[in-house]
Amino acid sequence: MAATQITTYKNYIGGQWVESVTGKTYPVHNPARNGQVVGEFQTSGAEDALKAVAAAKEGLKIWADTPAPARAGIIFKAMEIMGRRAQEIAETITTEEGKPIGDALGEVRRAMNIMEYAAGEGRRMFGYTTPSELPNTVAYTIRRPIGVVGIITPWNFPIAIPAWKMAPALICGNALVFKPASATPLSAVKLTEIFEEAGLPPGVLNLVTGPGGQVGNALVESPDVKGISFTGSTEVGTDLYAESAKRLKKVQAELGGKNAVIVLSDADMDKALGGIVQGAFGSTGQRCTATSRVIVEEDVYDQFVSELVERTSKLTIGDGIDPSIDVSPLSSKNQKDQVLEYIGIGTEEGANLAFGGRALSGGDYDEGYYVEPTIFTGVSPEMRIAKEEIFGPVLTVFKAKDLPEAIDISNSVEFGLSSSVYTKDITKAYEYINTVETGMVHVNAPTLGGEVHLPFGGLGASGVGAREQGTSAVDFFTEVITVYIDHAAEATERAKFI
Ligand code: NAP
């Protein structure tokens, strides 16, 4: 039988697909079928990153001077191409990241939405005018691009997260060096191809694959990179933020989560259970907004736990390329090992393993990184499984006597990304909205998601810097310049204090 042809993908620098200076490549495997190699990718180093920065400096000269509505035309085109390639791109996401194909298609749609929204901003790149305190003087503001921006992204949304950084950055006139997660470079190659086909001038978008410690770090250290938009772990993001701050770079860092749902005794139980099961086990719990804690009012606790276990037991587990699958494999061996380690920690800490807890084996399961959806009950806030981000299909359940105690538990972690309450009581809903410490708050809906025209981001260890998406994306990706024009025929008497 003929060996399967494995494609070697290249970096994209200055409008050319090129090999890395290191001359090395690395393979990426399908997490559902370890024997299947998705492709070989460039193991780039700092030198490649700096070549990309130099190309971006050239690209910036053209792009920053291109009118924003003309930039919008290219982003709209990219959206159309993505729509045409939607099924193929979704299959790529599932094959290299592992998430169910339905979730992958949703991710592609989300990327298209942000492209549409960002392109629209091309006709709304507003500054403002205001009366000057001086006669015969006009005062107003304009927006300029930051310059060359580093885009550093995680593996769990390999299309949507890069798109929701790149589309706003591009409409604002920046030139980009894109460093995707090493685990999901093929999605990054395809996204770059889409922008290339849409007509982005050479150098405006550059792609460099390879280890974060080398490629990402080189972007942080380069004085020519004026801004960094990062999404990833709190650990890496904290160092990146500190190193960037030393160099006075503009940074936004979207980090980890430990998102909680509160279920009050008056909640619509069916709605709550549906949202929690989807939030905890959808995309195998590998979303930054995944539900990892549920805090249940004591008089409905037993009924809730029994129905939660019942629903979870019905989830189907398998290769996400099969549309009937609910829970697919974890995205890597590291992820699987980490999740199993936390399940061990939870058991040792004395939490009650109410469902799941095992790695799955036998048949097709032996080819992938499968762990059962897992529920711990009787969890207390000081346990590690209650505080640390597990980033997998593990749900911890707490009992609270009332809403104030439930909010205290919800707020007892260092993270503050997303949260939700299920209740029919409007007074309690507002008490929750006004006291819960997260950047995104839901009522009677899962902790997941967000809409592209609204800000996305978290508090505390979940993020720092300007919010992503919505109008705050334009604030992050532009510098505001204040202009004063004295059009008097003769010299004007001026204040001397500044
Ligand atoms: P990660 O390990 O922090 O990696 C994120 C990116 O940073 C990758 O491209 C990585 O490259 C790169 N990187 C690693 N070391 C670096 C360094 N020293 N300098 C510069 N870049 C470096 O995170 P991950 O495992 O990919 O993603 C999972 C995490 O992302 C979770 O914590 C999740 O909660 C978080 N997340 C947050 C949001 C949000 O919006 N708040 C959204 C999605 C995910 P390599 O891949 O080569 O290591």
(Q) With the crude spin-label approximation of a point 7 Å out along Cα→Cβ, what separation in nm comes out for TYR26 versus GLN338? (A) 1.5 nm
Q: Determine the calculated [θ] at 222 nm for the chain from helices alone, applying -39500 (n - 2.57) to every DSSP H run no shorter than 4 residues and normalising by the residue count; nearest 500 deg cm²/dmol.
A: -12000 deg cm²/dmol
Q.
Test of understanding: what is the full-extension gain from LEU454 to THR482, defined as 0.36 nm times their sequence separation minus their Cα-Cα distance?
A. 7.4 nm
Q) In the structure shown, do any of LYS10/LYS165; LYS165/LYS428; LYS51/LYS249; LYS51/LYS250 have a Cα-Cα gap over 26 Å, and if so which? A) LYS165/LYS428
Q.
Roughly how far apart, in whole Å, are the Cα centres of segment 128-175 and segment 219-289?
A. 22 Å
Q) What is the sum of charges around PRO323, taking Lys and Arg as +1, Asp and Glu as -1, for the other residues whose C-beta is under 13 Å from the C-beta of PRO323? A) -4
Q: For a footprinting-style exposure proxy, rank MET82, MET383 by other Cβ within 10 Å, fewest first.
A: MET383, MET82
**Q.** Rotationally averaged projected area of segment 291-344 (alpha carbon convex hull; nm²)
**A.** 5.1 nm²
Q | Kirkwood Rh in Å, taken over all unlike Cα pairs in segment 64-202 | A | 16.0 Å
**Q.** Surrounding net charge for GLY463, when Lys and Arg each add one and Asp and Glu each subtract one, Cβ distance under 14 Å
**A.** -3
Q | Ranked list, fewest to most other Cβ atoms within 10 Å of each Cβ, for SER419, SER283, SER20 | A | SER20, SER283, SER419
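How large is the convex hull of the C-alpha atoms of segment 259-443 per residue, in Å³?
108 Å³
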Q) Given the convex hull over the Cα atoms of the chain, what projected area results after averaging over all orientations, in nm²? A) 27.1 nm²
Q. Using alpha-carbon positions, what is the distance between the centroids of segment 302-368 and segment 442-498, in Å?
A. 42 Å
Q) Amide H to amide H, which residues 5 or more places from SER265 or on other chains are under 5 Å from it, using H placed in the peptide plane? A) GLU297
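Where a number appears in this text, it was derived from the coordinates with a stated rule and is not lab data. Everything numeric here is computed off the predicted structure, so don't read it as measured data. Reconstructed Cβ throughout: ideal geometry from the backbone, glycine too, with neighbour counts over all protein chains shown.
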